[in-house]
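Everything below concerns the one structure shown next.
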Amino acid sequence: MVKPHAVKGTPSQQLPDRRAVLKTGAALSAFVGGASVPSLSMAQAATGLSLTVPEWMKVQGRGILSPPYGVPSPFEKDVVRRQREVRVTDTAATSFSPLQNSFGTITPNGLCFERHHAGVPSIDPDRHRLVIHGLVERPLVLTMDELMRFPSVSRIAFLECSGNTPNWKSVNPDFGVQQTHGLLMCCEWTGVLLSTLLDEVGLGPEAKWVLAEGADAAAMTRSVPIAKALDDAMVVYGQNGERLRPEQGYPLRLLLPGYEGNMNIKWLRRLKLGDQPFETREETSKYTDLMPDGKARQFTFVMEAKSVITRPSGGQRLSGGPGFYEISGLAWSGHGRIDRVEVSTDGGQSWHEAQLQEPILSKAVVRFRAPWRWDGKSALLQSRAIDETGYVQPRHGELVDVRGVNSFYHYNAIQTWSVNPDGKVAIHVA
Ligand SMILES: Nc1nc2c(c(=O)[nH]1)N[C@H]1C(S)=C(S)[C@@H](COP(=O)(O)O)O[C@H]1N2
Ligand SMILES: [Mo]
């Protein structure tokens, strides 16, 4: 029984037809409508085995406040951030979010990826200050308490390091989605619109760029065009309903929705208005893309549309043999909303529109899902995102044709996972 494909934005609420669930091998198409689950668990339930009373039903559970700040079940101990290779230093280092274990769209605070150039400073919020100066009428020094008195806003936005997915020249056959795409997070951020603060200080007529500086030992700085500063830039102190985590910039960070991660200065202490970009430090001038003709693309701030299947993905296994599996993943665009996501199980020869989970927010991660009946043969799983500007996520060859292979940043091509007949899923090495 094949049910009509659910329309975009509507989570499937149809329960599988019981006989359709148990029916195997009858699917004509690789993509099935509605949903079904493997029959094994039902068979077990039928034997009554799963009705024995487990030990945890025979004793009282642990009490409240143990611990006062909750942590995941110990059975989830492997769902953690990881590094990709052992670094020489762990203060100038990177950790990756376990996207393979993610559900929905929000990254839990303890799993947000980390990118630090000089470690996580330990900042006393009472002694932290935000200075706004340069081409302004009334320079300002704000305490955190003062800053938090300004009108606030909350928005959900993704943040992706422009070094995410280093697939320009080759892929590492051992990488799963945590290693290939884990420099990505999506949080609900709360803070003050930068335009509100700039209104308070009064912008000088010459002000065209804003220098943002962090209070870490790297004193990381980036320059932000004034149009972005006046549009949707925020200085944020809240992350998913609590104060920012130290790793994410406690007590204050710059948030530039859709812009490359690096410009979202953490531990923000200074904003200086000027009439040109302030790029001075070597670290920031590196954020360019070297093109085949030897020229470098500069000011490539906006992260273009991208998507990846998180389940099934490299390192996972289709453990139930041939049958129904849900393909699920994430899509995002720094240019706005995701318009649609298409999924292929034959390496891009044919595409099927995936369901998008609402809400579909501008510059936020979207969860897509597509039902799939695996026939037990080799398959190549891909997803491609199309954003509201009409931009289509490119194939690797299309991207490389334009950009060459000398870039390091801004790789956003389609990712391929291969499924072997034994059920093992791995990165596809072309
Ligand atoms: N002050 C400061 N801000 C910083 C960095 C840093 O090292 N110091 N790293 C940048 C980089 S390269 C990225 S990708 C993001 C990472 O943010 P996260 O650590 O919250 O994931 O922060 C950016 N802001
Ligand atoms: Mo980054």
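The values are calculated or read from the model by the stated rules, or taken from the named source; none is laboratory data. As the structure is a prediction and not an experimental result, all values here were calculated from the model. Don't worry about glycine lacking a Cβ; one is built from the backbone with ideal geometry, like all the others, and counts go over all protein chains shown. With ligands, DNA and RNA removed, areas are computed over all heavy atoms of the protein, side chains included. Shrake-Rupley method; radii C 1.70, N 1.55, O 1.52, S 1.80 Å.
Observations
- The single residue among Ser313, Ser307, Ser362 that is in a strand (DSSP E or B), of a type in the set (S, T, N, Q) and either within 21 Å of the chain's Cα centre (by Cα) or under 23 Å from Arg403 (Cβ atoms) (or both) turns out to be Ser307.
- Of Val366, Val341, Val405, Val400, all but one fail to be touching a Lys or Arg at 6+ places or on another chain (Cβ under 6 Å) and either among the aromatic types (Phe, Trp, Tyr) or within 21 Å of His181 (Cα to Cα) (or both); the exception is Val405.
- Among the candidates Val177, Val201, Val224, Val192, residue that is within 16 Å of ligand 2 (Cβ to nearest atom) and either open to solvent by less than 10 Å² (accessible area, probe 1.4 Å) or over 25 Å from Ala331 (Cα atoms) (or both): Val224
- Residue satisfying all of: in region 391-430; of a type in the set (D, E, K, R) and outside any loop (DSSP other than H, G, I, E, B); nearest to Thr345 (Cα to Cα) among these: Lys424
- Qualifying residue in region 131-154 (condition: over 15 Å from the mean Cα position of the chain (by Cα), within 16 Å of ligand 2 (Cβ to nearest atom) and open to solvent by less than 30 Å² (accessible area, probe 1.4 Å)): no
- The residue list Gln239, Gln248 contains one member that is within 16 Å of ligand 2 (Cβ to nearest atom) and either closer than 22 Å to His181 by Cβ or open to solvent by 10 Å² or more (accessible area, probe 1.4 Å) (or both), which is Gln248.
- Residue in region 195-202 that is within 16 Å of ligand 1 (Cβ to nearest atom), under 19 Å from Leu252 (Cα atoms) and of a type in the set (A, V, I, L, M, F, W, C) present: no
- Near pairs, Cβ below 8 angstrom, 6+ apart or cross-chain, from region 99-127 (open to solvent by 40 Å² or more (accessible area, probe 1.4 Å) and more than 16 Å from ligand 2 (Cβ to nearest atom)) to any residue that is in a helix (DSSP H, G or I) and at pLDDT below 95: none
- Members of region 155-174 that are under 14 Å from the mean Cα position of the chain (by Cα) and crowded, with 19+ Cβ neighbours inside 10 Å: Ala157, Phe158, Leu159, Glu160, Cys161, Ser162, Asn164, Thr165
- Counted residues, region 365-410 - those being buried (at least 20 other Cβ atoms within 10 Å of the Cβ) and small (Gly, Ala, Ser): 5
- Pair list, Cβ < 9 Å and 6+ apart or interchain, from region 311-322 residues that are touching a residue at least 60 places away in the same chain (Cβ under 8 Å) and among the basic types (Lys, Arg) to residues that are open to solvent by 10 Å² or more (accessible area, probe 1.4 Å) and assigned to a loop (DSSP other than H, G, I, E, B): Arg311/Ser102; Arg317/Asp422
- Among residues of region 309-334 being of a type outside the set (Phe, Trp, Tyr) and more than 23 Å from Asp422 (Cβ to Cβ), the one that is surrounded by the fewest Cβ atoms within 10 Å (Cβ to Cβ) is Gly334.
- Here the condition is being within 15 Å of ligand 2 (Cβ to nearest atom), open to solvent by 30 Å² or more (accessible area, probe 1.4 Å) and over 19 Å from Thr91 (Cα atoms); of Thr300, Thr288, it holds for Thr288 alone.
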